[in-house]
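Asks: One structure, pasted below without further comment.
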Amino acid sequence: MQARNLALRPFIWYKFYNALFTGISVGSIFIIYAPLQPYVYSLGGILLALAMLVIARFYTRILNRTWFWRISLAVEIVMLLLVLYFLLFSYSYASALFVYAGYQLTFAFGSYLVRAETILIERAKALTYLDVYKQAGYLAGMLVSFLFYKTVEYVAGIGESQAQVYLVHYVLLVAEIVVIYYLYRAFHPAERRGA
């Protein structure tokens, strides 16, 4: 099952695990961002809007499979680097700013990625599967994070939020590796034997 040389099954799983990652990470962001001043969010929002305007100006060049692959992979590599950075440097003003900037960078490509996905997939039924799996992944991620935090608190006796968020980044690391794996499989489907 393909759409314009995009393997749909691996892509659907990519969307599921990508949303799973988001669901797991959503609660941790508030703890990581704690050292940031309110003006940082205002400035970040302005820069995000400007970046999205610039990216939109290039749609005629980048709304194709090649750029969709490159940008999707770049976004996932940024997310992987953010997780690794946080695991290495933990909590500080610099790590909060770095993680915030990284997320803003990936958000800048959000509209582009949705538009490219719709153009490349075309079929309504496939888009339905994508959205269903995406929502299922997000819900699963929220459930995983809830169960993880409660398990760490009641089984391991770690009740401090920062310690819990640090530990959940190991789960995020595994999830992001799976995300990149399925993204690669979607854009590089296995060659058929004898072809």
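The values are calculated or read from the model by the stated rules, or taken from the named source; none is laboratory data. Remember, it's a predicted structure, so these values are computed and weren't measured experimentally. Methodologically, a virtual Cβ is constructed for each residue, glycine included, from the backbone with ideal geometry; neighbour enumeration extends over all protein chains shown. Just the protein is used for accessible areas: all its heavy atoms, side chains included, with ligands, DNA and RNA removed. Shrake-Rupley method; radii C 1.70, N 1.55, O 1.52, S 1.80 Å.
Asks: Can you tell which of 65, 123 is in contact (Cβ under 8 Å) with a residue 24 or more places away in the chain, open to solvent by 70 Å² or more (accessible area, probe 1.4 Å), in contact with a strand residue (DSSP E or B) (Cβ under 9 Å, 6 or more places away or on another chain) and at negative phi?
Replies: 123 is the lone residue from the list that is in contact (Cβ under 8 Å) with a residue 24 or more places away in the chain, open to solvent by 70 Å² or more (accessible area, probe 1.4 Å), in contact with a strand residue (DSSP E or B) (Cβ under 9 Å, 6 or more places away or on another chain) and at negative phi.
Asks: So is residue 151 free of Cβ contacts under 8 Å to residues at least 12 places away in the same chain, touching a Leu at 6+ places or on another chain (Cβ under 8 Å) and in a helix (DSSP H, G or I) or not?
Replies: In short, no.
Asks: Got a number for residues in region 101-134 being polar (S, T, N, Q) and closer than 23 Å to residue 83 by Cβ?
Replies: 2
Asks: Another question, if that's okay. Has region 89-99 got at least one residue that is under 14 Å from the mean Cα position of the chain (by Cα), among the aliphatic types (A, V, I, L, M) and farther than 22 Å from residue 181 by Cβ?
Replies: yes
Residues are listed down the side, and each one gets a yes or a no for (1) open to solvent by 30 Å² or more (accessible area, probe 1.4 Å); (2) in a helix (DSSP H, G or I); (3) touching a residue at least 60 places away in the same chain (Cβ under 8 Å):
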residue: 25; (1), (2), (3): no, yes, yes
residue: 40; (1), (2), (3): no, yes, yes
residue: 43; (1), (2), (3): yes, yes, no
residue: 48; (1), (2), (3): yes, yes, yes
residue: 55; (1), (2), (3): no, yes, no
residue: 60; (1), (2), (3): yes, yes, no
residue: 72; (1), (2), (3): no, yes, yes
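Asks: Is it true that some residue in region 167-175 is touching a residue at least 12 places away in the same chain (Cβ under 8 Å), β-branched (Val, Ile, Thr) and in a helix (DSSP H, G or I)?
Replies: yes
Asks: Is it the case that some residue within region 90-105 is at pLDDT below 95, loosely packed, with under 13 Cβ neighbours inside 10 Å and not hydrophobic (A, V, I, L, M, F, W, C)?
Replies: Yes, region 90-105 contains a residue that is at pLDDT below 95, loosely packed, with under 13 Cβ neighbours inside 10 Å and not hydrophobic (A, V, I, L, M, F, W, C).
Asks: Could you tell me whether residue 132 is surrounded by 13 or more Cβ atoms within 10 Å (Cβ to Cβ), without any contact (Cβ under 8 Å) to a residue 24 or more places away in the chain and β-branched (Val, Ile, Thr)?
Replies: yes
Asks: Being open to solvent by less than 30 Å² (accessible area, probe 1.4 Å) and part of a helix (DSSP H, G or I) is the filter here, so list the residues in region 27-38 that pass it.
Replies: Those that are open to solvent by less than 30 Å² (accessible area, probe 1.4 Å) and part of a helix (DSSP H, G or I): 28, 29, 32.
Asks: Looking at 153, 117, which is the one that is acidic (Asp, Glu) and within 22 Å of residue 32 (Cα to Cα)?
Replies: 153
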